[in-house]
Every structure is written in C-alpha cells, then in structure tokens.
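Trainee: This is the structure I have questions about; it appears just below.
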Amino acid sequence: MRDAGLKMVFMGAESGSMETLKRMDKGGSMSPDKTLEIAAKMKAYGIVPEFSFVMGNPPDPASDIRQTIEFIRRVKQVNPASEIIMYTYTPVPRPGDLYDAAEASGFRFPATLDEWINPTWLDFSQRHSSHMPWLHERLQRDIRNFQRVLNAYYPTSTDARLTGVWRSLLHSVSAWRYHSRFYEFPLELRALQVLVRYQRPETSGF
C-alpha cells in the first residue's frame, strides 16, 4: 500500500488504558501495546499514523486524562510524525460501564422532543461538554493546554507550508514546557500559533 501511494492512516486508538478500552467495549483486540506497535511499523514504512483518543472518561476523568497524556507522549516518542486528535468522552445511550458511570455522575439525556430541540443541546451534538457534569472546566482546559504544547513541540508533518525555520522555532519555544510537563497558561504558544497559523490537528483537517 505504501508503494501504491498510501501516505496516512486514520485509526481510533481511543485510550492509553487497557481498563478504559475494556469499559468502552467496542469489540476487536485493540490495546495500548498494539497502538505503539502500529506507530513503530508506520514509521518504518514512512506512513503517517493519525490516532484519535477519547479523554476524560468517567468515573475518574482526571486520572484518565493524565494517563492518556502520558501515553500520547509514548506514542510520540516511538513515532514523532504521528498525528494526535483528542476528543472528550460523549455518552451514547448504550448500556455499559461508561454510560452507567456517566449517569451516576448526574448525566441525563432529554426525555422529550421539546427538550431535545432546546438550543442548549446543540452544544452536546457538537461534542461540547456543557452537559457532562464529570468533566469540569479545569479538566477541559488541561486537555486544551496539553494539546497546544504538544502541537508546538511536534508541529504537524502534513502541512507543507510550515517551513523548517518555523518548525524549529515552535519546537524550541515549547521544549521547556514539554520536557517539564508544565502545560498551564501557554500564552506564548497561543500568540506564536496565531502568528504562524499553521495547520493543527485539533483545529483543522488534513
């Protein structure tokens, strides 16, 4: 497939925790070890893997976010060209451990058509988190801050407009944050990313 022109593969890694993957109950045999194995194999073949992760899963969203962040760092260590997409957990009305934990935290789907067409539920349909009581603003901010640092330290390999000079600048400015794991208030990266306006997986497609 590489010889036929395959450049990128999209796949759902979902989580860096085997326990969370079991709670998701999506079937198949995906595991964190297999994700790392795929990342290494794609590097060997020169194909860019894009991994999506669901973060902030109940019943302990803070721990889930920390664990997934550390796993994403491992993925990047294995294959720096890996593209990372981060979502927050959105319940679906399907029996299982995750949905049960969401309900236990106070989440409820609308019960009537009038409730469903209420504008406040538009946020939910767009994967916003205003209706998810276990995922408070601080946790959402933690995800956004890490995302910003990650995508400065490892600028996307898919944007041909991003020259080597800009890549080096983004990498060097964000290095102390990435290595120290200090993701809070990345104001300088926010300003730099507005200036550079490069393609970032969390804000645009490929």
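The values are calculated or read from the model by the stated rules, or taken from the named source; none is laboratory data. Predicted, not measured: the structure shown is a model, and the values here were computed from it. Cβ sites come from the backbone with ideal geometry, for glycine too, and all protein chains shown count toward neighbours.
Trainee: Got a number for residues in segment 63-87 being part of a helix (DSSP H, G or I) and over 17 Å from Lys22 (Cβ atoms)?
Mentor: Residues in segment 63-87 being part of a helix (DSSP H, G or I) and over 17 Å from Lys22 (Cβ atoms): 11 in total.
Trainee: Still on this structure, I have one more. Give the residue, chosen from His131, His171, that is surrounded by 13 or more Cβ atoms within 10 Å (Cβ to Cβ), modelled with pLDDT under 90 and either assigned to a helix (DSSP H, G or I) or not hydrophobic (A, V, I, L, M, F, W, C) (or both).
Mentor: After applying the criteria, what remains is His131.
Trainee: State whether one or more residues within segment 88-99 are at pLDDT 85 or above, under 22 Å from Lys22 (Cβ atoms) and either surrounded by fewer than 19 Cβ atoms within 10 Å (Cβ to Cβ) or not aromatic (Phe, Trp, Tyr) (or both).
Mentor: Within segment 88-99 (the criterion being at pLDDT 85 or above, under 22 Å from Lys22 (Cβ atoms) and either surrounded by fewer than 19 Cβ atoms within 10 Å (Cβ to Cβ) or not aromatic (Phe, Trp, Tyr) (or both)), the answer is yes, since at least one residue qualifies.
Trainee: Determine whether segment 21-32 contains at least one residue that is under 18 Å from the mean Cα position of the chain (by Cα), closer than 23 Å to Asn145 by Cβ and in a loop (DSSP other than H, G, I, E, B).
Mentor: no
Trainee: List every residue pair whose Cβ atoms sit under 8 Å apart, with the two residues 6 or more apart in sequence or on different chains, where the first one lies in segment 1-14 and is in the same structural domain as Ile84 (by TED's automatic domain parsing) and the second, anywhere, is at pLDDT below 90 and not hydrophobic (A, V, I, L, M, F, W, C).
Mentor: Pairs that qualify, where the first residue is in the same structural domain as Ile84 (by TED's automatic domain parsing) and the partner is at pLDDT below 90 and not hydrophobic (A, V, I, L, M, F, W, C), are Met8/Thr158; Glu14/Thr20; Glu14/Lys26.
Trainee: Being part of a helix (DSSP H, G or I) and under 27 Å from Leu98 (Cα atoms) is the filter here; which residues of segment 40-62 pass it?
Mentor: The answer is Pro61, Ala62.
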